[in-house]
Every structure is written in structure tokens, then in C-alpha cells.
Amino acid sequence: IGVGFAAQRIVGQAANVGKALSGAEGAVRSLAKEGFGEVQTAIRETVRESDGLTNKIEATNAAYQLLSAGISGAANVQKVLSASITLSKAGFTDVTTAVDGLTTVLNAYGLDASQAAKVTDQLVQTQNDGKIVIGEYAANIGKVAPVAAALSVSLAEVNAALALSTVQGSAAEVAATGLRG
């Protein structure tokens, strides 16, 4: 009887995974439209290359966030998704949170997908220099990046100020709000 219940639980979990993947793929299809097949291939390749750092459901949800943020084309989705997976693991957060922070910076500064890995390195360095993790960075960078970019304040300067403010005891939210002001 115990084996039967265990098997039933495994089948139920597999069905839930299938539903989650189907839902994520449907969301991606709604934004990728005719390029859906290429985006699916990019997601699969990125998951494979991540060496177990993410799974297809998480990567597909992140790809939806990328498409929603204006990253288009399978090659660009793959570049930013790969950088986001790296950022999520280095930053102790999930891939969609990493996507949020990374795309906010890319969009605010008018950077393209080819610069995602470089920006990822800068964000990790900010985390290493300050008392801030990528989840906090992602939640707060939208307060300051668009204004800073419009005023020609470099990302390096913004990141240095965030790192310094947090090292000196300010919470990430307070530091970002202060920088915006």
C-alpha cells in the first residue's frame, strides 16, 4: 500500500511539473509569437549549459520576463538568460529576480544583450563590495537607474554609491532612495 501511495504522489508531482512548464511555455508563446520555436531552443540550450544551476520551468519563466522587458530574439534571450542564471547563483536569488535587476539596468542605460555578462560582473562586484545582495539590488535599482542614466551618471558610479552606502549601514532601499534624490 505504501508503494502505491508513493507512486501516486510521484505521478501527481510529475503532473504538476507538466502543468507548470505548459503554463510557462504558453506565456512565452504569447510574447515570442513566430519566434517561439527558436526561443524554446535557446532556453533548452541555456539550461543544458547551466550545468544544473537552473531547470526548464525556471528558465522558461525567466525567458517570459526577458521578453516582457523588451529583450527580443532568441540569441538575445539566450545571452541575457545565461547572464541572469549566473547572476542568480552568485547573488543568492532566483533567476526571475536576477532577470528583473539585470533588465532594469540594461533598459535604463540603453544597453543591449551583448553587454549582459559585463553588467552581471558589475552587479556581483557591487554585492561583493557592499552589504547588499542581488535580490535587494533588483528590488531597488529601478528607483535610481533611470534617473541616473538620464543625468549621465554611470552605472559604475551608481553601483559604487550603493555599495558604499550599504557598507556604512544604510539599507539597500534607503541607499537607492537617497541616490535617486
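The values are calculated or read from the model by the stated rules, or taken from the named source; none is laboratory data. A quick note: this is a predicted structure, and the numbers were derived from the prediction, not measured. Methodologically, a virtual Cβ is constructed for each residue, glycine included, from the backbone with ideal geometry; neighbour enumeration extends over all protein chains shown. Note: areas computed on protein heavy atoms with side chains; ligands, DNA, RNA excluded. Shrake-Rupley method; radii C 1.70, N 1.55, O 1.52, S 1.80 Å.
Taking only protein heavy atoms and a 1.4 Å probe, the accessible area of the range 68-141 is 47% carbon and sulfur.
Converting phi to 3J(HN,Hα) with the Karplus coefficients 6.51, -1.76 and 1.60 and the offset θ = phi - 60°, the range 78-93 yields 5, 4, 6, 5, 4, 5, 5, 5, 4, 4, 5, 6, 6, x, 6, 9 Hz in sequence order, with x at every glycine or proline.
Compute the label zone of residue 122 within the range 151-181: residues whose backbone N is under 13 Å from the point 7 Å along Cα-to-Cβ. Residues 152-162 qualify, since their backbone N sits under 13 Å from the label point.
For the chain, a Kirkwood radius taken over Cα pairs fed into Stokes-Einstein (37 °C, viscosity 0.692 mPa s) yields D = 190 µm²/s.
Note on the range 13-81: Rg/Rh from Cα positions, Kirkwood definition for Rh, rounded to two decimals, is 0.95. Given springs between every Cα pair under 10 Å in a Gaussian network model of the chain, which of 67, 102, 81 has the largest fluctuation? With Cα springs under 10 Å in the chain, the top fluctuation among 67, 102, 81 is at 67.
Taking 18 Å as the straight-line reach from the Cα of residue 19, the aspartates and glutamates in range (excluding those fewer than 8 positions away in the same chain) are 58.
Think of a 1.4 Å ball rolled over the protein heavy atoms: the chain then has 51 Å² of accessible area per residue.
Counting only residues at least eight positions apart within a chain, or on another chain, the aspartates and glutamates with an alpha carbon under 19 Å from that of residue 118 are 49, 100, 129, 157. Approximating the spin labels as points 7 Å out from Cα along Cα→Cβ, the residue 157-to-residue 129 distance works out to 1.4 nm.
Structure remark: mean-square fluctuation, Gaussian network model of the chain, C-alpha springs under 10 Å; the largest value among 58, 45, 136 belongs to 45. Here, the range 55-149 yields an orientationally averaged convex hull projection of 5.4 nm² when only Cα atoms define the hull.
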